[in-house]
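Reading through the C-alpha cells given below for one structure.
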Amino acid sequence: MLRPFIAFFLGLLLVGAPVGHAATNPTPDKPNIIIFLVDDMGVMDTSVPMLTDAAGNPQRHPLNDFYRTPAMERLAKQGIRFSQFYAQSVCSPTRTSILTGQNATRHRTTNWINPFENNRAPFGPAHWNWEGLKPGDVTLASVLKQAGYRTIHIGKAHFGPLGKEGADPLKIGFDINIGGAAWGHPKSYYGEDHYGNHPKYEKPTHNVPHLEAYHGSDVFLSEALTREAIGQIKKSVEAGTPFYLNMAHYAVHAPFQPDKRFIDDYSSSKKSGSAKAFASLIAGMDKSLGDLLDTLEDLGVAENTLILFLGDNGTDAPLGKDHEIACAAPLRGKKGTCYEGGMRTPLIAAWAHPDAKNPWQRQLPIAENAIQTQLASVMDLFPTIVALASAPVPEKHTVDGRNLKPLLTGQRDASRPEMFLMHYPHSHRSMYFTCFRLGNWKLITHYNPQAPQNPRYELFDLSNDPSESNNLADTQPERLASMLQAMSDQLQKEGALFPETKNGAPIAHRAY
C-alpha cells in the first residue's frame, strides 16, 4: 500500500529539485572555463573602479559614473579585479597572446591583421607574422581540446587574414565557431542589416557569419552572440562535457551604432551622440555577461565555472583625440598608442558562483571583492588555465606568461617579475615604438626611420606620474641607460623584429 505513495513522493522530489545550484550535479573531472573578451574595452570603460590610490584602494573617476555595468559590478564582488593588467595596444597581437601564452614579440603577430593585405606599414618588418595562427600551432583551444574539453568560439576571431586557415577558428583547435572570421569589426550590429550580410551591401566584407537565424530581426549583434553562447553551454552541460568558451564580443568596436535597448539610459548626458552610442554598446555587452552568469546558475554549473573578463587593448571610446586624457582619464592615450590608456584593460577573475567547499575553488582560490595591484598581462591567462585544467603543453612551446594563481588570492607574488614589454614595429596611431615597464618605471622608445641613429625616448615614473605627463629621459640618464639595457635584453630574448629602412636594414635603438 505504501509503494505507490513512496514512488509519487520521490517523483515530486525529482520534479521539484532546484536547478540553479551545482549541489544537484556531481563535481566534473574538469572545471569549465570562460574567457569573456571585449573588443576595444579599456580599463576606464566601466562603472567598476579599476584604478587605485597609492595605498591600493580603488578610486572612482568621472568615467566610472558615466558607464553602467551592473553585471561587471556583480562579477567584481564575486572575485578579484586587477588595476595594472596589460594587453597589446591593438587586437590581433593580444588575441594571439591569449591563445599561445606568448608575447607578441615572440609570436610576431605584432600588428592588427588586415584581412586583405600585409599592413606592415612603410618601414615595418617584412617578415612579421601577418598570416597569424596556423593549423598545428599550440593554442589554448587545441591544448584544452586534447584534455577533453569541448572548445567553443563565439564572436570576433581575427586570428588570420582572408584565404589563410587561421581565419577559421575550427582550424586552430575550436570544435565550434559561431561568428568568427578574418574581420576585426562588424559592418553592422543590426539584425535588420543581417550583420553585414544584407544584399544591399555590394561586397560581403566585415559580415558576421553563422547568424542567419536572426537576419531581418531586431536582435542586436551582442544579443545574438549571447543567445548562441547560451545554447552551446547548454549542449555541453547536457553532454556532461567540460567546456572552454571563448566569448569574444565584437562590441565595443566601431561602428558606434546605438544598442536601442540601452541608448535611452544616456539621453540626459551632455556627451556626443557617438559617446552615448559607445556607452550603449558597453551596456549591451554587460547584459551579455549577466545573462551568462544567470545561465550558469540555472544549469547548476556556476560553482565549477571560472570566468576571466578582460578587454583586448586600451579604449577606443569616442571621447577625445588620440593622445588627450579624455577617453581613459586619468590615464593618457587610447587604443593604438604607446601610453597607459592604450595598454591597460580590465581583468576580473571570479568563479561564477563562489563556494569555498568546491574542490576546484579549493584548487584555485580567488579572493572575493578584492583588487590586485601587482602587474600582470594577457600572456598569463594561458599558463593559469592549463594548470587548472591539468592540460599538458608540448615542451617545445615557449610560454612567456606566468600562472596567476598566487595573485588571484589577493596576495603579492614575490617571484613574479614586475615587467611588461610591448613592441610595435609598425605605424598606426603611434609609430614604431617599444614600451618597456620595469617596476614603477616605463620607457618608450620611438624609432625614427628617417633618422635611424636618432631614436627618441620617454621615461616615466608611474608611481608619481600615472598620467605620463613628465618625461624624465633627460634628467635621469642613469635610469634611462639601465632601462635601455633591460629592454634590449628582453627584446633579444624574445627574438624581436624591428622597423626597417628602405634598404631592409633593421632600425634598433642599439645593436645587440
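No lab work stands behind these numbers, since they all come straight from the coordinates. These figures come from a predicted structure and were not determined experimentally. All Cβ positions, even for glycine, are placed from backbone atoms using ideal geometry, and neighbour counts span all protein chains on display.
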What lysines could a cross-link reach from Lys270, if we take a straight Cα to Cα line under 21 Å and drop same-chain neighbours fewer than 8 places away? Lys260, Lys321
Excluding Pro209 itself, calculate the net charge of residues whose Cβ lies under 13 Å from the Cβ of Pro209, where each Lys or Arg counts +1 and each Asp or Glu counts -1. -1
Spatially proximal aspartates and glutamates relative to Lys271 (Cα-Cα < 14 Å; intrachain offsets below 8 disregarded): Asp65
Given 10 °C and 1.306 mPa s, how large is the Stokes-Einstein diffusion coefficient of the range 401-512 in µm²/s, with Rh as the Kirkwood radius over Cα pairs? 104 µm²/s
Select from the range 408-482 those GluC sites (Glu not before Pro) which occupy a DSSP coil region and have at most 15 other Cβ atoms within 10 Å, ordered by residue number. Glu418
Which of the listed residues, Asn503, Pro392, Gln476, is farthest toward the dipole's positive end in the range 384-509, when Lys, Arg count +1 and Asp, Glu count -1 at the beta-carbon? Pro392
Quote to one decimal, in nm, the extra length available between Asn448 and Ser390 on full extension: 0.36 nm per residue of separation minus the C-alpha distance between them. 16.3 nm
Based on the mean of other Cβ atoms within 10 Å per residue, sort peptides 168-179, 497-508, 309-320 so the most packed one is first. 309-320, 168-179, 497-508
Förster radius 30 Å - calculated FRET efficiency between Asn470 and Asn57, Cβ distance, rounded to 0.05: 0.80
How about the range 47-133: which GluC sites (Glu not before Pro) there are in a DSSP loop, with at most 15 other Cβ atoms within 10 Å of their Cβ? Glu117
Pairs from Lys287/Lys334; Lys203/Lys335; Lys334/Lys442 whose Cα-Cα separation, in the structure shown, is over 21 Å: Lys287/Lys334; Lys203/Lys335
Selection of trypsin sites (Lys or Arg not before Pro), the range 32-139, meeting DSSP coil and at most 16 other Cβ within 10 Å: Arg60
By how many degrees, 0 to 90 and rounded to 10, does the Cα axis of helix 2-15 deviate from the longest principal axis of the chain? 20 degrees
So what is the 222 nm mean residue ellipticity for the chain from helices alone, if each DSSP H run of at least 4 adds -39500 (n - 2.57) and you divide by all residues, rounding to the nearest 500 deg cm²/dmol? -7500 deg cm²/dmol
Along Cα→Cβ, 7 Å out, is where each label goes; now give me the distance between the ones at Lys493 and Leu162 in nm to one decimal. 4.1 nm
In degrees rounded to 10, the 0-90 angle between helix 221-239 Cα long axis and the longest Cα principal axis of the chain is 50 degrees
Can you compute log10 of I(q)/I(0) for the range 449-512 with the Debye formula, treating each Cα as one identical point scatterer, at q = 0.13, 0.16, 0.20, 0.27 Å⁻¹? -0.45, -0.66, -0.92, -1.16
Largest-first principal axis extents, alpha carbons of the range 269-339, Å: 46, 28, 17
Over the Cα atoms of the chain, how large are the radius of gyration and the largest Cα-Cα distance (Dmax), in Å? 23.1, 98
Under 16 Å from a point placed 7 Å out from the Cα of Asp294 along the Cα-to-Cβ direction: which residues of the range 237-276 have their backbone N that close? 261-262
Which residues in the range 454-495 have a backbone N closer than 14 Å to a point placed 7 Å from the Cα of Thr501 along the Cα-to-Cβ line? 454-455
Over all Cα pairs of the range 203-351, how is the pair count split among 5 Å bins, expressed in % and running from 0 up to the last occupied bin? 2, 8, 15, 18, 18, 16, 12, 7, 3, 1, 0
Radius, Kirkwood style, for the range 125-181 when every pair of distinct Cα atoms is counted (Å): 11.5 Å
